[in-house]
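Asker: Below you'll find the structure I mean.
The values are calculated or read from the model by the stated rules, or taken from the named source; none is laboratory data. Keep in mind that what you see is a predicted model, and the values were worked out from it rather than measured. With ideal geometry, Cβ positions are generated from the backbone for all residues, glycine too; neighbour counts draw on all protein chains shown. For accessibility, only protein heavy atoms count, side chains too; no ligands or nucleic acids. Shrake-Rupley method; radii C 1.70, N 1.55, O 1.52, S 1.80 Å.
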Amino acid sequence: MTNRVCIVGIGVVESTENTAEMSHKDLLFYATRRALDDAGLERKDIGGAITATFDFLEGRSLSNQYTLDSIGGVMKPCDLRLGEDGIYSLFAGYMEVMVDPGQVTVVASVQKASERDPNGVGYQKLIAATLEPIFSRPVCSSVPNPGSLESVLAAMDARAYLNRSGLTEQQLAKVAAKNIGNVIQHANVSVPGPEDILKSDLLSWPIRRLTSAKESDAACTLILVSEKKARTLNQDPVFIRGIGWCSGKSFLASREQGTAKETKWAASQAYHMAGIRCPEREIDFAEVSDWYAHRELMHCEALGFCGANSVGSCLDEGLFDRTGALPVNASGGLLGRGNAVGTSGLIRVAQVARRIRSHNNGFKNPRAEIGLAHSWGGIPTATAGVAILGKW
Amino acid sequence: MKLKKPEMTINGEIQISYNWSPGKAGERFFRDLRDHMKIMGTRCRKCSRVLVPPRIFCEECFTDDMEWVEVEPKGTLATFGDCYFSTDGKRLEKPWILGIVRLNGSNGGLIHYIGEATAEELKIGMPMEIVFKEQREGNILDILYFRPVKE
């Protein structure tokens with residue numbers, strides 16, 4: 001490919017900052033301002049603006065109409081809105097730049113979970129509302145304590161996976177301890193072990209408080225340009241080498257339980273595009289959806305990170321550790337950093353891009369040239385997106 | 001990490017009602033469920049898969065060449081999740097279990113309550129059967145729950 005698409009600006013606002021003082025629009029503005037500063041660009045340079053997240057979660061119908069001014073997209077030739085996880089804005093932005101290589105495209109996503117009802121039942125109602133309304137929703141929205149619906153549906157997914165793979169609850173605790181530890185290691189505080197994870201509240205076996213990611217606020221903006229355009233800018237470009245996305249059957253009960261087929265398929269598209277044949281050898285590190293601990297393992301397996309070995313043995317041998325051969329969620333992942341549902345997928349792309357640029361303070365991986373970012377739509381969806389980024 | 005609370009918030013909510021059509025296949029399914037306690041599926045004449053819940057089209061062959069078939073109200077447990085505690089950690093007086101059951105001879109499955117069993121007594125792959133509601137109204141809650149098949 002002669003004119004590849006690359007990321008030249010990264011802007012992220014996460015819950016580590018005081019997001020309570022920022023409105024939904026402010027969050028996205030700061031993410032975009034940072035991304036523009038990072039790229040050395042201004043609003044006048046923007047040619048297209050794309051957002052992706054879930055209107056229902058934001059509580060704003062047609063929410064792009066409210067966020068466009070926060071991403072510098074007012075009166076620009078492109079205002080595209082995708083009702084999907086933020087990683088889809090990267091896919092749409094990629095295509096936008098392919099069509100018009102002279103263009104600067106802003107892709108962005110925002111989620112302010114803390115604005116939703118404080119007792120959390122609203123989110124559970126949204127989960128029920130995501131289910132197909134004729135055969136599934138009447139059952140799921142009638143459960144005696146709706147606050148537990150998400151955990152029970154996640155437990156169904158996890159139980160089928162453990163049953164199929166032979167993985168244990170201890171191994172799920174190991175994943176959570178690894179990811180939480182990856183964040184804490186930056187802060188020099190004592191790291192919880194798997195035994196501490198197993199002491200956390202049991203929500204619905206095997207889902208525990210610490211094996212499921214907490215919701216968080218975040219905004220993320222990336223600036224995409226063509227390789228040719230990037231040469232005129234001062235920032236080191238990070239190349240998008242492959243993208244792929246896919247959805248499974250819309251009816252939860254019709255799907256093969258305990259599998260992540262959509263991730264496998266999305267990855268195969270992205271690998272094909274990037275010319276990757278042996279992901280377990282060619283991918284240097286990955287940020288993978290660990291919405292629940294079992295999902296990290298399910299996704300690593302579907303992404304082909306284990307080669308001929310079992311995912312359990314890869315985990316036990318430390319393959320996915322920060323110091324392992326294929327670090328997974330070295331940023332802390334969703335379990336460690338929180339899950340801004342609908343935005344987290346784009347944040348994973350930002351984390352991978354930052355590490356390729358080595359802007360991730362304190363983390364030195366001699367081989368961080370090819371990274372993979374993965375996103376999963378969450379219970380009860382079967383949607384996955386994969387992006388492969390590279391230094392070259 | 002604990003999120004700080006803003007000093008001022010503006011409260012609001014969105015409430016909208018809908019009337020969803022179950023489609024021709026859904027109508028027939030719910031009518032036979034209500035009137036005859038029968039579970040109906042549709043078989044694709046091309047690939048022979050039997051869809052429960054039924055559809056008037058096969059999403060694999062992408063055809064509407066389908067025929068109606070009755071499916072027995074029994075199947076196998078594909079997975080389940082239990083709820084014994086409330087979100088604040090209190091033991092529930094009435095624990096509940098949701099599960100997915102794939103009816104025999106069908107492709108697909110139903111998500112519903114599991115009754116007459118504790119989570120410890122359940123196992124993925126075990127045979128299950130439908131318990132119907134006495135006063136049926138023509139919706140999925142005319143199935144009361146699935147229970148393990150008694151020997």
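Asker: For chains B and A, what's the summed buried accessible area, probe 1.4 Å, to the nearest 100 square angstrom?
Answerer: Details: alone 11180 and 16440 Å², together 24090 Å².
The buried area between B and A, both sides summed, comes to about 3500 Å².
Asker: A further question follows. What does the average come to when, for each residue of peptide B:122-131, you count the partner chain Cβ atoms lying within 10 Å of its Cβ?
Answerer: Numbers: counts 1, 1, 7, 1, 0, 0, 0, 0, 0, 0.
For peptide B:122-131, the averaged partner shielding equals 1.
Asker: Can you list which of the GluC sites (Glu not before Pro) found in segment A:280-318 are DSSP loop residues with at most 15 other C-beta atoms within 10 Å?
Answerer: Counting only loop positions with at most 15 other Cβ atoms within 10 Å, the GluC sites (Glu not before Pro) in segment A:280-318 are A:GLU317.
Asker: Which percent of the accessible heavy-atom area of the protein assembly as shown goes to carbon and sulfur, probe 1.4 angstrom? Mind showing how you got there, number by number?
Answerer: Numbers: 12210 of 24090 Å².
Percent of accessible area from carbon and sulfur atoms in the protein assembly as shown: 51.
Asker: Taking Cα pairs under 8 Å and at least six residues apart, what relative contact order does segment B:23-148 come out at, in percent?
Answerer: Values: 267 pairs, mean separation 28.6, N = 126.
Normalised by residue count, the contact order of segment B:23-148 is 23 percent.
Asker: Counting helices only, and only those DSSP H runs with n ≥ 4, report the 222 nm mean residue ellipticity of chain B as the sum of -39,500 (n - 2.57) divided by its residues, in deg cm²/dmol to the nearest 500. Walk me through the numbers before you get to the answer.
Answerer: On the way: 1 runs with 14 residues, N = 151.
Taken over chain B, the calculation gives -3000 deg cm²/dmol.
Asker: Something else: Could you tell me the extents of the protein assembly as shown's C-alpha atoms along the three principal axes, largest first, rounded to whole Å?
Answerer: 73, 53, 50
Asker: Pick out, from B:THR63, B:GLY26, B:ILE111, the residue whose Cα sits farthest towards the positive end of the charge dipole of segment B:23-148, with +1 on the Cβ of Lys and Arg and -1 on the Cβ of Asp and Glu.
Answerer: Result: B:THR63.
Asker: Skipping prolines and chain starts, which residues have an amide H placed within reach, meaning under 5 Å, of the one on A:GLY248, given they are 5 or more residues away or on another chain?
Answerer: HN-HN under 5 Å from A:GLY248: A:ALA382, A:THR383.
Asker: Which percentage, to the nearest 5, of the DSSP beta bridges contained in chain A is antiparallel?
Answerer: Numbers: 37 of 50 bridges.
Bridges in chain A are about 75 percent antiparallel.
Asker: A follow-up question, please. Using only helices, what value at 222 nm comes out for chain A when you add -39,500 (n - 2.57) per DSSP H run of length 4 or more and divide by the total residues, to the nearest 500 deg cm²/dmol?
Answerer: Only helices count here, giving -11000 deg cm²/dmol.
Asker: Something else about it: Taking 0.36 nm per intervening residue step and subtracting the Cα-Cα distance, what contour gain separates B:ASN19 from B:MET126 on full extension? Could the numbers behind the result be given before it?
Answerer: Details: separation 107, 0.36 × 107 = 38.52 nm, distance 3.63 nm.
So the extension gain works out to 34.9 nm.
Asker: How big, in percent, is the set of alpha carbon pairs in segment B:23-148 lying more than 21 Å apart? Could you put the intermediate results ahead of the total?
Answerer: Values: 3490 of 7875 pairs.
Cα-Cα pairs in segment B:23-148 separated by more than 21 Å: 44 percent.
Asker: Okay, moving on. What order, most packed first, do the peptides B:58-68, A:245-255 have when packing is the mean number of other Cβ atoms within 10 Å of each residue? Before the final figure, lay out the partial values.
Answerer: Working: B:58-68: 14.0, A:245-255: 20.2.
Highest-to-lowest ranking by the protection proxy: A:245-255, B:58-68.
Asker: Same structure again: For a quick check: with amide H placed at 1.01 Å from N, whose amide H comes under 5 Å from A:GLU84's, ignoring anything fewer than 5 positions away on the same chain?
Answerer: Residues meeting the amide H criterion: A:THR53.
Asker: What is the packing order of peptides B:43-54, B:138-149, B:95-106, taking the mean over residues of other C-beta atoms within 10 Å and listing the highest first?
Answerer: Working: B:43-54: 19.3, B:138-149: 17.8, B:95-106: 21.7.
Result, highest mean Cβ count within 10 Å first: B:95-106, B:43-54, B:138-149.
Asker: State the Cα centre-to-centre distance between segment B:4-54 and segment A:377-392 in whole Å.
Answerer: Computed from Cα coordinates, the inter-centre distance equals 28 Å.
Asker: Give me the 1.4 Å probe accessible area per residue for segment B:23-148, excluding ligands and nucleic acids, in Å².
Answerer: Working: 6330 Å² over 126 residues.
I get 50 Å² per residue for this part.
Asker: I'd like the distance separating the alpha-carbon centroids of segment A:102-134 and segment B:75-151, in whole Å.
Answerer: 29
Asker: For chain A, what relative contact order do you get, as a whole percent, if you take Cα pairs closer than 8 Å and at least 6 residues apart? Provide the component values of the computation, followed by the final result.
Answerer: Working: 854 pairs, mean separation 93.0, N = 392.
Dividing the mean separation by the residue count of chain A yields 24 percent.
Asker: In whole Å, how far is the Cα centre of segment A:138-209 from that of segment A:43-95?
Answerer: After rounding, the separation between the Cα centres reads 33 Å.
Asker: Have a look at A:ILE46, A:THR168, A:GLY258 and report the one farthest towards the positive end of the charge dipole of chain A, computed about the Cα centre with Cβ charges (Lys/Arg +1, Asp/Glu -1).
Answerer: Highest projection toward the positive end goes to A:ILE46.
Asker: Right, another one. Shielding by partners for A:6-18, please: the mean number of other protein chain Cβ atoms within 10 Å of each residue's Cβ.
Answerer: Details: counts 0, 0, 0, 0, 0, 0, 0, 0, 1, 4, 1, 0, 3.
For peptide A:6-18, the averaged partner shielding equals 1.
Asker: Go through segment A:135-180 and flag every residue whose accessible area shrinks by 50 Å² or more with all protein chains in place compared to the isolated chain (probe 1.4 Å).
Answerer: A:PHE135, A:VAL139, A:ASN145, A:VAL152, A:MET156, A:ARG159
Asker: Still on this structure, I have one more. Rounded to the nearest 20 Debye, what is the dipole magnitude of segment B:23-148 about its Cα centre when Lys and Arg each give +1 and Asp and Glu each give -1 at the C-beta? Before the final figure, lay out the partial values.
Answerer: Values: 19 positive and 20 negative charges, 31 e Å.
Result for segment B:23-148 is approximately 160 debye, rounded to the nearest 20.
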